[in-house]
1. Please pick out the residue among F68, F42, F36 that is in contact (Cβ under 8 Å) with a residue 40 or more places away in the chain and of a type outside the set (G, A, S).
2. Can you confirm whether A12 is in a helix (DSSP H, G or I), in contact with a Cys (Cβ under 9 Å, 6 or more places away or on another chain) and buried (at least 24 other Cβ atoms within 10 Å of the Cβ)?
3. Counting just the residues of region 65-83 that are closer than 20 Å to F295 by Cβ and of a type outside the set (F, W, Y), which one comes out surrounded by the fewest Cβ atoms within 10 Å (Cβ to Cβ)?
4. With respect to R35, is the statement that it is in contact with a Leu (Cβ under 9 Å, 6 or more places away or on another chain) and over 27 Å from S290 (Cα atoms) true?
5. With respect to T87, determine if the residue is over 25 Å from I224 (Cα atoms), under 22 Å from the mean Cα position of the chain (by Cα) and of a type in the set (S, T, N, Q).
6. Show me the strands (runs of 3 or more DSSP E) entirely contained within region 243-303 in which 1 or more residues are over 23 Å from D129 (Cα atoms) and out of contact with any Leu (no Cβ under 6 Å at 6 or more places or on another chain).
7. Can you find, within region 46-59, the residue that is surrounded by the most Cβ atoms within 10 Å (Cβ to Cβ) among those that are over 23 Å from the mean Cα position of the chain (by Cα), modelled with pLDDT of 95 or more and in a loop (DSSP other than H, G, I, E, B)?
8. Do we find a residue being among the β-branched types (V, I, T), modelled with pLDDT under 90, surrounded by fewer than 20 Cβ atoms within 10 Å (Cβ to Cβ) and in a strand (DSSP E or B) anywhere in region 188-204?
Amino acid sequence: MREDFILLGGSASRRLARSIADYLDHPLCEGETIRFSEGNLFVRVPENVRERDVFLVQSTGIPANDNFMELLFWIDALNRASAASVTVVMPYFSYAKGDKKDEPRVSIRARVCADAIEAAGADRVVTMDLHAPQVQGFFRIPVDDLYALPVLCEAIKSNQLRDLVVVAPDAGFAKKARLFGQRLRAPLAIADKHRSDHSESAEVIDLMGDVSGHEALIVDDFTISAGTLVDAARVLMDRGASSVYAAVTHGLLTDEAVKLLEGSPIERLFVTDTVESESLELSTRVEVVSVARLFGEAIRRISRRESISVLFEPSYWPHPDSGK
């Protein structure tokens with residue numbers, strides 16, 4: 001029997017929403033989004049949602065502001081259409097990077113966005129690999145922060161990398177990088193990077209750990225310019241790594257970033273489909289792995305009023321070496 005909920009896809013996540021619908025074997029309601037010449041957005045829900053639970057799939061990738069405003073309009077439209085509940089499935093939350101006031105006279109952008117999502121009428125948020133886990137505390141509604149680690153590790157193991165060492169791009173990501181190392185049964189190294197301003201790149205100035213003779217895997221939550229990844233890759237090769245790979249949840253790649261990757265030591269970059277770009281032609285070095293199964297399972301369990309904590313348990317996901 002088909003689940004009685006509405007799965008709605010916003011314009012920023014068309015492909016992922018279709019993949020989730022295919023996984024769930026559930027019809028997808030594709031919303032109508034119109035962009036007027038001055039940038040004004042108009043959204044319309046194409047079917048009756050009265051007293052139905054709605055799962056809205058809308059990421060906030062490039063262009064972040066347009067996609068975020070569209071997200072708010074969808075939430076408002078669904079509430080005005082008398083939806084029983086609105087669960088925001090936001091695969092990538094761009095403004096999660098603005099999680100603190102670390103210099104004078106700046107905004108805590110993640111908190112402003114959290115307030116806006118609540119004010120628009122969302123009942124729950126499901127996202128993936130928040131830049132800072134404490135952002136969950138900015139919301140007064142439930143927030144489920146899923147991990148892309150299982151699907152990324154499956155893709156990495158399928159490439160049969162040998163003598164692997166996992167590399168965290170900085171000390172702040174070391175805890176999550178250690179989880180990758182445990183999953184892949186690989187040791188951990190930590191890069192020391194320095195960011196002097198708000199540019200989208202940072203300089204890697206040191207490396208803690210032995211990578212000589214190993215295939216190195218840099219792991220991170222997102223990349224935009226690919227500058228830090230490429231800089232770290234060059235340091236790793238200088239330290240004797242036999243080859244360099246990278247795995248990133250959110251690949252907000254630009255044409256310049258793709259060109260930079262092409263000329264870098266990185267042999268393959270694994271990214272998920274949390275962010276979509278219609279115009280960008282990806283390099284053959286980029287492998288996109290889908291997180292539709294993860295979000296699909298979360299949606300199914302939430303719709304049935306079941307716990308989704310099992311999705312965070314290693315035993316739920318067969319180990320990449322198990323052959324299951």
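The values are calculated or read from the model by the stated rules, or taken from the named source; none is laboratory data. These figures come from a predicted structure and were not determined experimentally. When we count neighbours, we look across all protein chains shown, and the Cβ atoms used for this are built from the backbone with ideal geometry, even at glycine.
1. F68
2. no
3. Taking the candidates together, the pick is E70.
4. Judged against the criteria, R35 is a match.
5. yes
6. Output list reads 243-251, 266-272.
7. Start the filter on region 46-59 by keeping residues that are over 23 Å from the mean Cα position of the chain (by Cα), which leaves 46-53.
Subsequent filtering for residues that are modelled with pLDDT of 95 or more retains 48-53.
Checking the rest, the ones that are also in a loop (DSSP other than H, G, I, E, B) come to 48-49, 51-52.
Values: N48: 11, V49: 21, E51: 9, R52: 16.
Result: V49.
8. For region 188-204, residues among the β-branched types (V, I, T), modelled with pLDDT under 90, surrounded by fewer than 20 Cβ atoms within 10 Å (Cβ to Cβ) and in a strand (DSSP E or B): absent.
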